[in-house]
1. Count, please, the residues in region 65-105 that happen to be among the small types (Gly, Ala, Ser), in a helix (DSSP H, G or I) and either surrounded by fewer than 17 Cβ atoms within 10 Å (Cβ to Cβ) or in contact with a Phe, Trp or Tyr (Cβ under 8 Å, 6 or more places away or on another chain) (or both).
2. Tally time: how many residues in region 23-38 are outside any helix (DSSP H, G or I) and not aliphatic (A, V, I, L, M)?
3. Which of the following residues is in contact with a Leu (Cβ under 6 Å, 6 or more places away or on another chain) and either on the phi > 0 side of the Ramachandran plot or in contact (Cβ under 8 Å) with a residue 24 or more places away in the chain (or both): Gly125, Gly102?
4. Could you grab the pairs with beta carbons closer than 7 Å, sequence gap of 6+ or different chains, first residue in region 108-122 and outside any helix (DSSP H, G or I), second one hydrophobic (A, V, I, L, M, F, W, C)?
5. Could you grab me the full set of residues in region 42-84 that are farther than 30 Å from Leu133 by Cβ and in contact (Cβ under 8 Å) with a residue 24 or more places away in the chain?
6. Looking only at region 8-20, count every residue that is surrounded by 11 or more Cβ atoms within 10 Å (Cβ to Cβ) and either in contact (Cβ under 8 Å) with a residue 24 or more places away in the chain or β-branched (Val, Ile, Thr) (or both) and tell me the total.
7. Check off (1) aliphatic (A, V, I, L, M); (2) within 24 Å of Asp6 (Cβ to Cβ); (3) surrounded by fewer than 17 Cβ atoms within 10 Å (Cβ to Cβ) for Ala117 and give me the number that stays unchecked.
8. Looking only at region 101-136, which residues are within 19 Å of the chain's Cα centre (by Cα) and of a type in the set (Ser, Thr, Tyr)?
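Nothing in this text is a laboratory measurement; each read-out follows from the coordinates by a stated rule. Computed from a predicted model, the values in this text were never measured in an experiment. Ideal geometry is used to build each Cβ from the backbone, glycine not excepted, and the neighbour counts take in all protein chains shown.
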Amino acid sequence: MLELTDAARITAGIVLLTVVGIESGGAFLVRVVTRRVPVTGFQTSFFRAGHAHAGVLVILGLLCLLLTEATGLTGFWRWLAATGVLVAAILLPAGFFLSAVGSGREAPNWAVVLLPAGAVVLAAGVVTLAVGLFLA
């Protein structure tokens, strides 16, 4: 049996509960694509991207959380390896959704800055985890 630290176990439980939020985003997306919510083509594409990133990154984040348990990483590096993807799972969908909100929006607003920030955190998390696994 895999032994998780208390922090990893609690983090995994919290992350699993976020799936309910992702589901509600899916319900919203169904209303968007069935034209029950008036949006632009830009908004539809950004809402789809935000929903897809949320789902995929939560799954990858849970995997990274578990894989970190197999490394010898400590301190900040352990935190980054374990939760970097989960932080990106917040930043990237938020960037897509928040930059597309507003009636009739045809281009992203200021929140688009969350996209490159999320990409950097994502890359830092997976690279740190990979190095930790190689060194274990």
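1. Residues meeting the conditions: 1.
2. Final tally of qualifying residues: 4.
3. Of Gly125, Gly102, the one residue that is in contact with a Leu (Cβ under 6 Å, 6 or more places away or on another chain) and either on the phi > 0 side of the Ramachandran plot or in contact (Cβ under 8 Å) with a residue 24 or more places away in the chain (or both) is Gly125.
4. Within 7 Å, the pairs are Pro108/Ala100.
5. Going through region 42-84, the residues farther than 30 Å from Leu133 by Cβ turn out to be 42-48.
Correct list: Phe42, Gln43, Phe46, Phe47.
6. Step one: of region 8-20, the residues surrounded by 11 or more Cβ atoms within 10 Å (Cβ to Cβ) are 8-12, 15-16, 18-19.
Those still in the list that are either in contact (Cβ under 8 Å) with a residue 24 or more places away in the chain or β-branched (Val, Ile, Thr) (or both) too: 8, 10-12, 15-16, 18-19.
Residues that pass the stated criteria total 8.
7. Unmet for Ala117, out of (1) aliphatic (A, V, I, L, M); (2) within 24 Å of Asp6 (Cβ to Cβ); (3) surrounded by fewer than 17 Cβ atoms within 10 Å (Cβ to Cβ): (2).
8. Thr128
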